[in-house]
Amino acid sequence: MSSSSSEKRVMVLAMDQTENSQYALEWALDHFFTPFGSDAPFDLVIVYAKPFPPVPIASVAGGPTPAVAMGPEIFPAVDLELKLVADQVTEKAKQICTSKSVQGALVEIVEGDARNVLCDAVDRHRASLLVLGSRGYGAIKRVVLGSVSDHCTHHAHCSVMIVKKPKSKK
């Protein structure tokens, strides 16, 4: 056996502001970390893909574009809001880890499209497992809006686990 065999495998977990994402984190912690204490089979990397901030669009054919018509002051405000959301998401991830007695998780904020950010994180950390929450989109919404989980199952260089939140009974 090589000396690297004693190193833990890496789990990358996608986090965003949705309940499904929080459920996926809690589920992963309950099944892969909390029962094992310090002997958990994975090192955990939690990744939040922060959307790119908007950039002002120059006028087209001499006329103002809708983005310019809103005023340039909107862009710093949107960028600030994106940063606040990123901080809230990562703070929530840390709180969930603490509540489950899981220490040492690496929490990253990476700017970009979630599909690319997550696949890049898998490669960068040499992850053996990518965990995502399911949004529960139907087929039409997946086609129109795109699906991060569909993209990752086809492009991530590791196994992908999609955690579905059970439907609540009413």
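The values are calculated or read from the model by the stated rules, or taken from the named source; none is laboratory data. Note that the coordinates shown come from a computational prediction; the quantities given were computed from them, not determined experimentally. When the accessible area is computed, the model is the full protein with side chains, heavy atoms only, and any ligands, DNA or RNA have been set aside. Shrake-Rupley method; radii C 1.70, N 1.55, O 1.52, S 1.80 Å.
Per-residue accessible area (protein heavy atoms, 1.4 Å probe) orders MET11, MET161 as MET161, MET11, starting from the largest. When all protein chains stay in place and ligands, DNA and RNA are ignored, the 1.4 Å accessible-area order of THR90, THR98, THR34, THR18, largest first, is THR98, THR34, THR18, THR90.
Taking a ≥ b ≥ c as the square roots of the eigenvalues of the Cα gyration tensor of segment 75-135, is the shape rounded (a/c under 1.5), prolate (a/b larger than b/c) or oblate? Oblate, since a/c reaches 1.5 and b/c is not below a/b.
The aspartates and glutamates within cross-link reach of LYS92, meaning a Cα-to-Cα straight distance under 13 Å and a gap of 8 or more places when in the same chain, are ASP16, GLU19, GLU26, GLU108. Full extension of the chain between LYS100 and ASP113 gives 1.8 nm of extra length, using 0.36 nm per residue less the Cα-Cα distance.
When LEU132, LEU84 are compared by accessible area of protein heavy atoms, the largest-first order is LEU84, LEU132, using a 1.4 Å probe. Take ARG9: with every protein chain present and a 1.4 Å probe, its accessible area is about 130 Å². When the surface is traced with a 1.4 Å probe over the full set of protein chains, LYS165 keeps roughly 80 Å² accessible. Accessible area of VAL47 (1.4 Å probe, protein heavy atoms only, ligands and nucleic acids ignored): about 0 Å².
Considering only protein heavy atoms, what per residue accessible area in square angstrom results for segment 14-56 with a 1.4 angstrom probe? Per residue, segment 14-56 has 47 Å² of solvent-accessible surface.
Cross-link partners for LYS167 among the lysines, with Cα-Cα distance under 21 Å and sequence neighbours closer than 8 places in the same chain left out: LYS141.
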